[in-house]
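First up is the structure itself, then whatever we jot down about it.
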Amino acid sequence: MNQEFLEALDEIEKTRGISKEQIIDSIKAALVSSYKKNYNTGSQIDVDVEFENLDDRVKVFNKKTVVDEVEDENTEISVLNAQEYLSNPSVGDVVRIEITPKNFGRIAAQTAKQIVIQKIRDAEREAIYGDFVNRENDIITGEINRIRKGNAFVDMGRLEGILPLNEQIPNEVLNVGDKKKMLILEVKKTGKGPQVVLSRSHPNLVKKLFEIEVPEIMDGVVEIAQVSREAGSRSKIAIFSRDKDVDPLGACVGLQGNRVKTVVDELNGEKIDIILWSSDMAEYIKNSLAPSDVTHVIINEDERSSVVFVPGDQLSLAIGKEGQNARLAARLTNWKIDIKSDDTYKDFLREHADELEGLSEDFYNDDNHDELDEIHEDSNDYADDDYEEYSDHDYEDEYKSHYDNGYNDEYSDELYDDYSKYDEELEIDNEYFDEDYSDDFHDSDEEKGDE
């Protein structure tokens with residue numbers, strides 16, 4: 001190859017990112033195609049091309065295999081005839097017979113030129129595809145070039161990407177010239193070259209933004225375990241530290257909150273809850289419901305479900321607007337979460353006492369275990385506890401005295417029946433023995449005595 005041609009190859013390699021070997025292979029393929037097209041040889045012969053440049057000294061060869069008996073003259077040659085091209089040929093050798101036409105030169109090269117251009121374009125597209133396909137799930141900064149039918153077309157340097165309407169942040173207004181950080185969601189091959197689909201709503205965008213802003217995450221000291229997101233509204237990220245001396249929350253929030261603020265600003269004010277990941281599922285679920293407090297968590301490993309109790313005044317906070325907080329927590333943990341007021345906690349334990357008792361300790365934390373034990377202990381001494389409370393009442397002896405003396409007025413019988421019933425059920429409703437009822441009881445006694 002002459003120096004001018006080599007310099008041209010070097011220039012293409014630098015500007016297009018295509019290796020010289022790829023270009024040469026494309027040119028050879030184009031010349032072979034041009035020869036077959038111009039000289040009507042079709043595909044029945046095996047053609048090879050040598051050249052020094054595209055204007056002259058182009059040579060075309062027909063490759064034939066040496067055989068004992070020729071069956072196809074286009075691809076085979078006898079040992080005897082092969083001696084014209086090779087010394088001491090043997091079966092299996094390949095003979096190259098020059099078949100360059102006299103008028104092949106510029107005519108063939110001109111035809112090949114168009115094919116070469118297409119080959120180079122295809123090679124460039126393949127190089128771009130190979131570059132971007134390895135960057136899927138990476139973050140890039142692109143400039144909005146144009147917007148059509150809600151879809152934004154983004155200048156990424158060597159290629160124009162597309163940000164579909166359904167991958168945009170809801171209610172975010174995009175204008176031509178805006179520079180935004182986006183996630184490379186998918187790279188596809190099309191007839192017009194590679195197509196890069198971008199996203200601003202994918203949960204991984206939040207993860208990648210934190211990797212950029214938090215060096216501890218980039219270094220692997222702090223790790224993001226899970227992300228759940230409702231783009232434009234709220235996100236939750238669960239993090240943990242591989243170094244006990246590094247506070248993962250402090251690392252992500254940054255000095256005066258500057259790190260998380262940078263991420264929030266890039267996402268147009270989207271709220272972000274940063275929580276601690278835990279291998280203890282009860283603790284993890286508890287953390288996931290931030291910013292609400294959680295008093296108790298009961299979990300069922302087999303069903304991957306949990307019942308969570310929160311202070312009554314924080315029930316709406318735990319659930320969130322239209323259930324958003326609970327929904328994001330469920331996605332973050334990949335568990336079903338049922339949220340209840342802690343006012344119902346004792347009743348829930350009583351109602352499900354047998355069911356919870358049959359579960360292993362993994363299904364409820366230590367606090368729940370203690371509470372459950374208390375419930376079962378109550379089944380043995382509930383009557384004694386409540387009877388002592390009743391016996392301390394000043395009116396017990398007087399009540400028994402009236403009954404023992406034969407006063408069987410309707411109200412006294414009602415009191416005794418109620419006492420017997422609740423004593424039998426191991427529960428005493430002390431409202432029957434307050435002072436107001438006691439006064440009624442005395443009045444009833446006096447009326448009975450007068451009669």
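The values are calculated or read from the model by the stated rules, or taken from the named source; none is laboratory data. Every value quoted in this text rests on a predicted model; they were computed, and no experiment measured them. FYI the Cβ positions are ideal-geometry reconstructions off the backbone, even for glycines, and counts take in every protein chain you see. With ligands, DNA and RNA removed, areas are computed over all heavy atoms of the protein, side chains included. Shrake-Rupley method; radii C 1.70, N 1.55, O 1.52, S 1.80 Å.
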Item to complete: Pull up region 155-172, narrow it to residues that are over 25 Å from the mean Cα position of the chain (by Cα) and part of a loop (DSSP other than H, G, I, E, B), then point me to the one that is farthest from D131 (Cα to Cα).
Response: G157
Discussion item. I want to confirm something. Restricting to region 298-337 and keeping residues that are open to solvent by 90 Å² or more (accessible area, probe 1.4 Å) and not in a helix (DSSP H, G or I), which single residue is nearest to E270 (Cα to Cα)?
Written reply: N334
Worksheet entry | Among residues of region 262-297, those that are of a type in the set (V, I, T) and part of a helix (DSSP H, G or I), counted | 4
Worksheet item: Can you name every residue in region 212-239 that is under 15 Å from L267 (Cα atoms) and open to solvent by 30 Å² or more (accessible area, probe 1.4 Å)?
Response: I212, E213, E230, G232, S233, R234
Worksheet, complete the sentence: Of all strands (runs of 3 or more DSSP E) fully inside region 65-152, the set with 3 or more residues that are open to solvent by 60 Å² or more (accessible area, probe 1.4 Å) and touching a residue at least 24 places away in the same chain (Cβ under 8 Å) is 94-98, 139-148
Worksheet item: Of the residues that sit in region 250-302 and are touching a residue at least 60 places away in the same chain (Cβ under 8 Å) and β-branched (V, I, T), which one is farthest from I339 (Cα to Cα)?
Response: I272
Worksheet entry | Exclusive hit being part of a strand (DSSP E or B), within 19 Å of the chain's Cα centre (by Cα) and over 26 Å from I18 (Cβ atoms), set I212, I237 | I237
Worksheet item: Which of (1) in contact with a Leu (Cβ under 7 Å, 6 or more places away or on another chain); (2) under 30 Å from A251 (Cβ atoms) does S341 not meet, given it meets every other one?
Response: (2)
Item to complete: Answer with yes or no whether V32 is at pLDDT 80 or above, in contact with a helix residue (DSSP H, G or I) (Cβ under 6 Å, 6 or more places away or on another chain) and surrounded by 14 or more Cβ atoms within 10 Å (Cβ to Cβ).
Response: no
Worksheet item: If you go through region 199-216 one residue at a time, do you hit one that is over 19 Å from V253 (Cβ atoms), hydrophobic (A, V, I, L, M, F, W, C) and either touching a helix residue (DSSP H, G or I) at 6+ places or on another chain (Cβ under 7 Å) or modelled with pLDDT under 95 (or both)?
Response: no
Discussion item. Consider region 247-281. How many of its residues are surrounded by 15 or more Cβ atoms within 10 Å (Cβ to Cβ), on the phi < 0 side of the Ramachandran plot and not hydroxyl-bearing (S, T, Y)?
Written reply: 18
